[in-house]
Amino acid sequence: MTFLLVAHGTRKQRGVALIGDLADRVSAALDAPVHVTFVDVLGPTPSELLCELPDRPTVLVPAFLARGYHVSRDIPAHVTASGHHDVTVTRALGPDPQLIRVMIDRLLESGWRPADSVILAAAGTSDPAAMRDLHTTATWLSAMVGARVELAFAATGAPTVADAVAAARRRGRRVVVASYLLSEGLFQDRLRDSGADLVTDPLGTHPGVARLIAGRFRRAHAMAGAPAARSGMRGR
């Protein structure tokens with residue numbers, strides 16, 4: 001069985017190193033190699049790596065926090081282009097209760113207090129399904145912090161994080177931006193420049209993220225080995 005972790009890609013070396021470190025942690029949990037590939041900015045792409053690897057059962061986990069173009073269209077297109085005959089593609093990492101627990105830990109690490117205004121900051125998307133995923137995550141996080149969490153975006157969508165911070169500031173409370181990003185990069189830089197009092201770190205280095213990804217690999221591996229499993233690309 002081959003394990004592939006597919007990330008977006010970034011020109012920030014810290015972001016690339018973070019994904020590599022995350023793959024190493026997942027590899028240690030699985031006691032098996034985890035290969036890293038990217039759909040944008042840098043390579044290798046999923047199709048390139050699948051062409052290089054042996055044509056044996058493969059599990060591919062998208063390292064994305066919601067559905068969207070890359071998960072629903074880009075990754076399947078890469079799998080098809082590779083000609084690989086047995087690839088199981090899992091769903092995106094979020095929404096998932098494990099990620100909510102990770103964000104709560106990040107908020108506590110940042111110095112968040114229950115009286116603060118909290119903004120959930122995502123990269124953004126024009127995909128309706130991905131937007132529903134993000135609103136689900138904001139609703140779950142609201143339940144955990146005990147107050148409404150506003151959703152804002154670093155790239156695509158409104159309000160922008162900076163606009164949401166400015167609006168929250170008028171309520172006279174401290175403003176905390178909860179990063180819903182996996183790694184360092186341009187978008188995380190935008191969160192830090194948003195004018196918030198506190199900005200949490202990206203999620204990727206938290207042990208809970210590695211556990212979530214390892215769990216996705218394990219479940220897909222078990223399903224792929226079941227008698228009812230069939231050849232070809234599958235989704236989990």
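Computed from the coordinates by the stated procedures, all read-outs in this text should not be read as laboratory data. Quantities reported herein were computed from a predicted structural model and do not represent experimental measurements. FYI the Cβ positions are ideal-geometry reconstructions off the backbone, even for glycines, and counts take in every protein chain you see.
Observations
- With K and R counted +1 and D and E -1, the other residues having a Cβ less than 13 Å from that of T205 yield a net charge of -2.
- Annotation for the range 6-61 versus the range 106-157: alpha-carbon center distance of 27 Å.
- 10 Å binning of all Cα-Cα separations within the range 9-111, expressed as whole percents from 0 upward: 13, 40, 36, 9, 2
- Two-decimal Rg/Rh across the range 96-236, once Rg and the Kirkwood Rh are taken from alpha-carbon atoms: 1.05
- In the chain, the longest principal axis of the Cα atoms and the axis of helix 97-110 are about 40 degrees apart.
- Neighbours of A167, meaning other residues whose beta-carbon lies under 12 angstrom from its beta-carbon, give a summed charge of +2 when Lys and Arg score +1 and Asp and Glu score -1.
- MRE, 222 nm, helices only [DSSP H, n ≥ 4, -39500 (n - 2.57), over the chain, to nearest 500]: -13000 deg cm²/dmol
- Across the range 55-178, Cα-Cα pairs more than 24 Å apart make up 36 percent of the total.
- Angle between the chain longest axis and helix 207-224 axis [Cα atoms, degrees, rounded to 10]: 30
- Convex hull of the chain built on C-alpha atoms - directionally averaged projected area, nm²: 12.1
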